[in-house]
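Structure first, then comments.
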Amino acid sequence: MSDEVATDGGAVVESEEPASGGSGGSALSRLRERDDFVVVASAAALVVFPFLLVDVLGAVGDVIGLSIGGYTGLPSLVLIYGIIVIGFNLLLGYTGLLSFGHAAFFGSAAYSAALFSQIVPSPLLMVVVGTLVATLLAWPIGFVSIRRSGVYFAVLTLTFGQALYFYALGPGSWLTNGDNGFSNIEADGLFLGALPFDAQLTPLPILDSYTVMYGFAAIAMLVAIWVGNRIINSPYGLIFEALGENEERVEFVGLNVFRYKLMAFVISAIFAGVGGALFVIHEQYIHPTTGLYWIQSGDFVIMTVLGGTGSLVGPVFGALVFEYVANVVSGVSLPAIGSIGSLWRFVLGAVFVTIVWVFPRGIYGAFADLAALVNGGGGEGGDSTDPAATDGGERE
Amino acid sequence: MLLQSEIASILLNGLQQGAIYALLGIGLTIILGTMEFLNLAHGALYLVGAYVGLIVFQETTLSNGFLYSAGITSIGFEGGFLAAIVLVPIVGFGLGLLMERFVAEPFYDRPETDQLLVTFGLALIVEETVKNVIGGNTFQSIAPSTLFGVNVSQPIQLPFVGLFPSWRLLIIVITFLVIGVTYLAIERTDFGLVVQAGTRDSEMVRLLGIKINRSYSLVFALGAALAAFAGLIGASIQTVSPQIGTDQALIPAFLTIVVGGAGSVRGAIAGGMVLGLIISAMTQTYSQWAQIVLYLFVALMLVFRPEGLFGTGEVGE
């Protein structure tokens with residue numbers, strides 16, 4: 001499906017002005033827009049990410065006496081949600097459409113991947129089938145929802161998502177197993193089962209967070225970053241951005257607004273579908289509340305806004321913070337306060353409100369601003385965004 | 001073929017559920033209409049109303065409550081629920097004032113997605129606060145057994161309907177009274193005139209020398225009080241748990257104003273009734289499909305009549 005997106009963007013290039021690719025700027029900012037640079041830099045970050053997240057934080061935690069190292073499954077989970085929010089941000093951050101129904105695509109992909117695994121437990125096919133189902137579902141839902149804007153769009157996507165949730169819970173339980181969902185979903189592993197997903201990639205026992213599952217998710221993440229980067233740096237993506245800024249103007253230029261909004265919606269659903277299928281492979285269960293309930297859509301919104309909607313990989317930081325707080329911080333027991341436990345969502349809500357209020361561009365945007373400030377206040381546009389990249393690299 | 005009594009009970013249950021939806025919808029719609037502010041924390045106010053009602057009811061009525069331990073065993077006519085009826089809207093009103101001042105006001109000039117996001121976060125905070133302070137467990141509904149000395153726990157015999165719980169009948173009366181008073185306040189008073197004018201063109205109202213900012217606070221607080229009151233009524237017929245804020249209040253309230261038309265009080269009442277009747281009819285016939293039919297009805301409504309039953313199709317788009 002990624003090819004289709006890329007060629008679609010290419011087709012538009014011919015009818016548009018060809019030189020509109022980027023903002024110009026310095027050599028460095030041009031470099032940052034190049035596909036191969038972005039992919040190589042992301043790959044480097046993905047290689048060190050589990051080590052930093054699990055082992056280094058674990059060692060720090062041993063010193064200060066708190067278990068902040070996280071569990072070995074966390075890096076893959078972050079990547080899975082990262083893929084979803086990269087797509088979600090194409091819709092929210094670039095096209096300016098706030099969907100409260102993306103759990104529908106996540107969940108339908110997860111369910112269809114789970115069902116498909118009972119016939120053929122091939123992980124690649126599970127991802128393909130899940131993504132396909134999510135795409136086919138996104139088309140009619142998008143076709144109807146896109147006709148309205150603003151709140152009405154949010155409510156429409158929410159109603160479709162909730163209708164699907166209640167269908168899975170009630171009348172559809174012959175297919176979805178109702179309230180119980182599916183558990184113990186087994187995917188074969190890569191290379192016809194030669195590499196099971198919980199096997200380690202390295203023989204070194206200290207690097208136990210580098211599992212086959214992580215490698216699989218990391219490759220999917222690289223593809224997602226590559227596709228996302230291709231889209232936002234193409235004229236097609238520029239139209240998304242223009243739609244987010246002023247829809248009327250885009251219409252006056254003579255472009256078919258409806259078609260571009262629908263494509264943005266479907267593309268974001270494709271990302272959510274990939275993430276849903278990967279989620280099932282990783283967690284080995286799916287349940288209506290996890291997969292289809294509207295709070296799941298809300299979580300995508302939180303991650304995206306937390307990370308920052310202004311850049312391609314910004315939302316991934318949001319996914320990192322969200323999943324880290326949900327899985328690690330919630331288990332931490334502080335000396336004075338005691339166990340954090342279910343307080344994590346409260347803390348998250350407070351952080352979320354603060355971010356929306358004070359840093360509308362999210363964590364990533366705040367870091368970019370901070371880096372620009374440290375770098376000597378009113379530096380040039382190209383200079384001020386450059387440190388943000390290295391900063392982000394260090395955090396990963 | 002449905003029996004006559006079944007149809008009658010569908011209608012009555014629909015009216016009762018619809019009245020709760022209408023209460024929620026009116027609150028949401030006047031805030032949306034007047035300030036063009038989208039309050040995703042509306043359900044949180046319902047949640048607060050339900051829990052405040054629960055606590056007031058327990059503390060004043062039950063034998064383990066505060067009043068009982070203070071030596072007062074009865075405050076006359078089983079006053080616990082009456083006390084809640086008075087206190088809950090006041091709490092809601094106060095919360096509404098605070099929300100308008102500290103949450104809504106800084107966001108009037110921000111994009112509507114920011115408004116959605118910040119109130120969504122606020123709803124999360126309220127729900128989690130309730131979970132952490134009171135616990136995530138479910139409480140039984142808090143219907144009083146007697147009110148004004150009248151026994152309301154027994155079903156009564158109605159013409160055409162047969163036996164119908166008298167408490168539910170009383171709820172219909174009480175909620176319709178509140179809806180009626182609110183409607184009159186908005187349609188017939190000077191305050192309502194300002195609110196309505198503000199819905200059309202708030203800039204013009206300000207130019208006429210009317211302090212619309214104070215009206216904003218009042219509208220917000222009124223909407224919040226209605227939501228809290230709806231929470232109390234809801235808690236008297238359904239179990240109370242931290243999820244009800246979104247499941248039973250926020251989403252139905254949005255659906256209500258979508259059906260009725262954003263910014264219209266009449267629309268919210270009509271929308272609430274339509275949705276209440278759909279839910280009631282589906283629950284009694286094909287209960288598994290009730291929610292799905294409700295959502296699909298609203299989706300169809302949005303596609304074919306986006307301005308709603310009474311809306312102008314301008315607010316919030």
Discussion item. Out of the residues in the stretch A:240-285 meeting the condition of being open to solvent by less than 10 Å² (accessible area, probe 1.4 Å) and in contact with a strand residue (DSSP E or B) (Cβ under 9 Å, 6 or more places away or on another chain), tell me which one is nearest to A:ILE84 (Cα to Cα).
Written reply: A:GLY276
Fill in: All positions within the stretch A:149-194 that are facing chain B (nearest Cβ under 10 Å), within 25 Å of the chain's Cα centre (by Cα) and in a loop (DSSP other than H, G, I, E, B)
A:SER149
Worksheet item: When the stretch B:219-243 is examined, which residues are found to be open to solvent by less than 10 Å² (accessible area, probe 1.4 Å), more than 14 Å from B:GLN17 (Cα to Cα) and either modelled with pLDDT under 90 or not in a helix (DSSP H, G or I) (or both)?
Response: B:VAL219, B:VAL240, B:PRO242
Worksheet item: Is one or more of the residues making up the stretch A:33-41 modelled with pLDDT under 80, within 20 Å of the chain's Cα centre (by Cα), assigned to a helix (DSSP H, G or I) and not aliphatic (A, V, I, L, M)?
Response: yes
Worksheet item: Does A:LEU255 qualify as being in contact (Cβ under 8 Å) with a residue 12 or more places away in the chain and part of a helix (DSSP H, G or I)?
Response: no
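Counting only residues that are more than 14 Å from chain A (Cβ to nearest Cβ), surrounded by fewer than 18 Cβ atoms within 10 Å (Cβ to Cβ) and without any contact (Cβ under 8 Å) to a residue 60 or more places away in the chain, which one in the stretch B:122-157 is farthest from the chain's Cα centre (by Cα)?
Within the stretch B:122-157, the match that is farthest from the chain's Cα centre (by Cα) is B:GLN157.
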Discussion item. For B:ASP109, only one of the following conditions fails: (1) part of a helix (DSSP H, G or I); (2) open to solvent by 30 Å² or more (accessible area, probe 1.4 Å); (3) free of Cβ contacts under 8 Å to residues at least 40 places away in the same chain. What is its number?
Written reply: (1)
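Within the stretch A:149-165, count every residue that is free of Cβ contacts under 8 Å to residues at least 12 places away in the same chain and out of contact with any Phe, Trp or Tyr (no Cβ under 7 Å at 6 or more places or on another chain). Before the answer, list the steps.
Narrowing the stretch A:149-165 to residues free of Cβ contacts under 8 Å to residues at least 12 places away in the same chain: A:150-152, A:163.
Checking which are out of contact with any Phe, Trp or Tyr (no Cβ under 7 Å at 6 or more places or on another chain) leaves us with A:150-152.
Counting residues in the stretch A:149-165 that are free of Cβ contacts under 8 Å to residues at least 12 places away in the same chain and out of contact with any Phe, Trp or Tyr (no Cβ under 7 Å at 6 or more places or on another chain) gives 3.
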Practice prompt. Scan the stretch B:251-276 residue by residue and report those that are away from chain A (no Cβ under 13 Å), open to solvent by less than 10 Å² (accessible area, probe 1.4 Å) and over 24 Å from B:LEU193 (Cα atoms).
Written response: B:GLY276
Item to complete: Exactly one condition in (1) open to solvent by 10 Å² or more (accessible area, probe 1.4 Å); (2) facing another protein chain (nearest Cβ under 9 Å) is not met by B:ASP247; state its number.
Response: (2)
Discussion item. Residues that are at pLDDT 90 or above: list the helices (runs of 4 or more DSSP H) wholly contained in the stretch B:1-105 that include at least 2 such residues.
Written reply: B:4-35, B:42-61, B:80-99
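Do you know which residues across the stretch B:153-172 are of a type outside the set (Lys, Arg) and assigned to a helix (DSSP H, G or I)?
So the first thing to find is which residues in the stretch B:153-172 are of a type outside the set (Lys, Arg), and the list is B:153-167, B:169-172.
Listed by number, the residues that qualify are B:SER166, B:TRP167, B:LEU169, B:LEU170, B:ILE171, B:ILE172.
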Worksheet entry | Test: residue in the stretch A:351-361 that is away from chain B (no Cβ under 11 Å), closer than 21 Å to B:PRO106 by Cβ and open to solvent by 20 Å² or more (accessible area, probe 1.4 Å) | yes
Worksheet item: Would you call B:LEU95 touching a helix residue (DSSP H, G or I) at 6+ places or on another chain (Cβ under 7 Å) and open to solvent by 40 Å² or more (accessible area, probe 1.4 Å)?
Response: yes
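B:VAL118 - would you say it is more than 17 Å from the chain's Cα centre (by Cα), of a type in the set (Val, Ile, Thr) and open to solvent by 70 Å² or more (accessible area, probe 1.4 Å)?
No; evaluated as a whole, the condition is false for this residue.
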Practice prompt. Count, please, the residues in the stretch A:266-294 that happen to be part of a helix (DSSP H, G or I), touching a residue at least 40 places away in the same chain (Cβ under 8 Å) and within 14 Å of chain B (Cβ to nearest Cβ).
Written response: 2
Fill in: Residue tally, condition within 10 Å of A:SER268 (Cβ to Cβ), away from chain B (no Cβ under 14 Å) and among the hydrophobic types (A, V, I, L, M, F, W, C), over the stretch A:85-114
4
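Just for the stretch B:173-192: of the residues that are touching a residue at least 40 places away in the same chain (Cβ under 8 Å) and open to solvent by less than 20 Å² (accessible area, probe 1.4 Å), which one is nearest to B:TYR216 (Cα to Cα)?
Taking the candidates together, the pick is B:ILE186.
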Discussion item. One residue is enough: does the stretch B:273-293 have a residue meeting the conditions of a type outside the set (Lys, Arg) and not in a helix (DSSP H, G or I)?
Written reply: yes
Item to complete: Take B:ARG305 and decide whether it is surrounded by fewer than 19 Cβ atoms within 10 Å (Cβ to Cβ) and within 14 Å of chain A (Cβ to nearest Cβ).
Response: yes
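The values are calculated or read from the model by the stated rules, or taken from the named source; none is laboratory data. This structure is a prediction, so every number in the text was calculated from the model and none was measured. All Cβ positions, even for glycine, are placed from backbone atoms using ideal geometry, and neighbour counts span all protein chains on display. When the accessible area is computed, the model is the full protein with side chains, heavy atoms only, and any ligands, DNA or RNA have been set aside. Shrake-Rupley method; radii C 1.70, N 1.55, O 1.52, S 1.80 Å.
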